[in-house]
Every structure is written in structure tokens, then in C-alpha cells.
1. Identify which of 207, 148, 162 has the largest mean-square fluctuation in a Gaussian network model of the chain, with springs joining Cα atoms closer than 10 Å.
2. Using R₀ = 25 Å, calculate the FRET efficiency as 1/(1 + (r/R₀)^6) where r is the Cβ-Cβ separation of residue 196 and residue 168; round to 0.05.
3. Tell me, rounded to the nearest percent, the portion of alpha carbon pairs in region 48-180 spaced more than 24 Å apart.
4. Hey, got the Cα dimensions of region 10-109 along the principal axes, in Å, largest first?
5. Give me the base-10 log of I(q)/I(0) for region 135-192 at each q in 0.20 Å⁻¹, Debye formula, one uniform scatterer per Cα, rounded to two decimals.
6. Just want to confirm a number: the relative contact order over the chain, from Cα pairs under 8 angstrom separated by 6+ residues, in percent.
7. May I ask what percent, to the nearest 5, of DSSP beta bridges between residues of the chain are antiparallel?
8. Just rank 16, 197, 202, 132, fewest to most, by other beta-carbon atoms within 10 angstrom.
Ligand SMILES: C[S@@+](CC[C@H](N)C(=O)[O-])C[C@H]1O[C@@H](n2cnc3c(N)ncnc32)[C@H](O)[C@@H]1O
């Protein structure tokens with residue numbers, strides 16, 4: 001999230017979790033994200049055999065493109081049409097359009113509806129009001145038998161005091177998500193992993209809440 005010039009009211013903050021706010025962020029010409037794959041994705045997916053993958057909250061498609069370059073067949077999902085259009089353009093430019101699909105969907109009402117993937121991943125989605133537990137439960141339904149679920153977000157930290165209360169409350173620890181895992185999942189990684197990020201030209205130390213779980217083979 002970016003810094004605000006004034007502290008938003010809680011009503012303004014609530015709007016920032018909704019599609020119109022993200023459509024606006026993705027409406028200009030400038031890239032919002034680096035385009036580099038997220039480190040926890042690289043760390044975990046590199047050890048898996050490529051198959052089908054779903055990246056929810058894919059934004060501009062950095063993770064989708066990296067997975068496609070590793071020979072995964074990837075669906076990028078996001079509730080922002082502008083974000084998905086950018087992601088599709090970037091995938092085209094990267095030469096992986098033939099390994100990617102796009103799906104406009106709100107993670108808060110996500111239903112697998114018979115779709116299943118060898119890897120379901122999401123990075124920094126952060127729905128409000130502790131909503132990541134329910135989102136994790138929903139996404140788990142889309143994991144194929146023997147497949148993996150990787151959920152990564154910002155762990156709460158003093159580094160984020162400039163954000164609104166709503167945004168700080170949307171952060172989570174990996175262990176907060178454990179109740180969302182169905183019985184046939186085994187948690188393989190439940191950690192806050194240290195990472196440095198650059199914000200406003202300064203390097204800051206953060207922790208990525210990282211949950212990796214595997215669904216049993218039936
Ligand atoms: C912080 S960005 C992260 C983008 C990308 N995963 C990355 O790590 O670079 C969050 C993304 O999640 C999307 N998003 C936020 N809430 C969502 C929701 N409820 N359903 C689907 N997408 C959502 C936003 O449109 C945005 O693209």
C-alpha cells in the first residue's frame with residue numbers, strides 16, 4: 001500500500017479494499033509493482049513439479065509470468081479488470097501468453113466450482129476484517145489432490161504504522177490461517193519469513209506470513 005497524504009477516514013479506508021479503488025490504481029500508465037516474482041513463491045514453487053497453477057490477486061502478473069516461464073500453465077485471477085488487462089499485456093510481452101489465462105473474480109466470494117489446480121497461490125491480497133481466513137478456506141477447495149496451497153501476506157509490524165487501522169488489521173500471521181485448512185491438508189510451512197523491501201527509496205525489514213500446505217492424494 002502506498003503512503004497517504006492525509007490519514008483516510010475509516011469509510012475511505014473501507015473503499016480502498018473494493019474493486020473501484022484498485023481499478024483506479026491500475027488505470028494509469030505507470031507500473032504499480034516491480035514485475036519481479038515474489039520471493040516466497042520462488043522459494044517454494046521452485047521445488048515443485050510444474051503443472052497447473054492459480055494465482056489469486058495476481059495484480060500486474062509478475063508471479064503468473066514467472067510461473068509460466070517455469071513451465072506451469074497458469075490462471076491469473078484478480079477482481080480488477082484493469083489489473084488483469086495489464087497482466088495479460090505483460091504476459092504477451094514476456095512471450096508466455098500461450099501458457100496463461102485470466103479470470104476476473106472476487107476472492108471473498110471465490111468458489112472453485114469444479115476447477116482444480118496443482119498449485120493455488122496468493123500474495124498480499126489482504127481482504128479487510130480478518131477476511132484472509134475465509135479466503136484461504138475458499139482457495140483450498142481449488143487445490144487438486146496432491147497439490148499445494150501457498151498463501152503469503154504481510155505480517156503485522158511497526159513498519160506499517162503509516163497505514164490505516166483497517167489495513168493493519170487486514171495483515172495476518174501464517175498460524176492465523178491454520179483453522180481454514182480442511183482436514184485433508186498438511187501444513188508444511190507456517191512461518192513469518194524476514195525480507196527487505198524498498199519503500200520511498202528506503203530499505204525496510206518486514207516479515208512475510210507464509211503458509212504452505214499440501215492436500216492429500218485421494
Ligand atoms: C497488493 S496487490 C498484490 C499483487 C500481486 N499479488 C503481487 O504480489 O505483486 C493486491 C492485489 O489483489 C487484488 N485484490 C484485492 N482484493 C481482492 C479480492 N477481494 N479479490 C480479488 N482480487 C483482489 C488487487 O486488485 C491487487 O491486484
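Please treat every number below as a calculation from the coordinates, not as lab data. If you're wondering where the values come from, they're calculated on a predicted model, not measured in any experiment. Backbone-built Cβ (ideal geometry, glycine too); neighbour counts: all protein chains shown.
1. 162
2. On the way: r = 20 Å, r/R0 = 0.80.
Once the sixth-power term is evaluated, E becomes 0.80.
3. Values: 2568 of 8778 pairs.
Percent of Cα pairs beyond 24 Å in region 48-180: 29.
4. Extents along the principal axes, in whole Å: 44, 25, 22.
5. -0.78
6. Working: 435 pairs, mean separation 38.3, N = 218.
About 18 percent, as a whole number.
7. Values: 21 of 41 bridges.
Roughly 50 percent of the beta bridges in the chain run antiparallel, per DSSP.
8. Numbers: 16 20, 197 14, 202 7, 132 26.
Listed from fewest to most nearby Cβ atoms, that is 202, 197, 16, 132.
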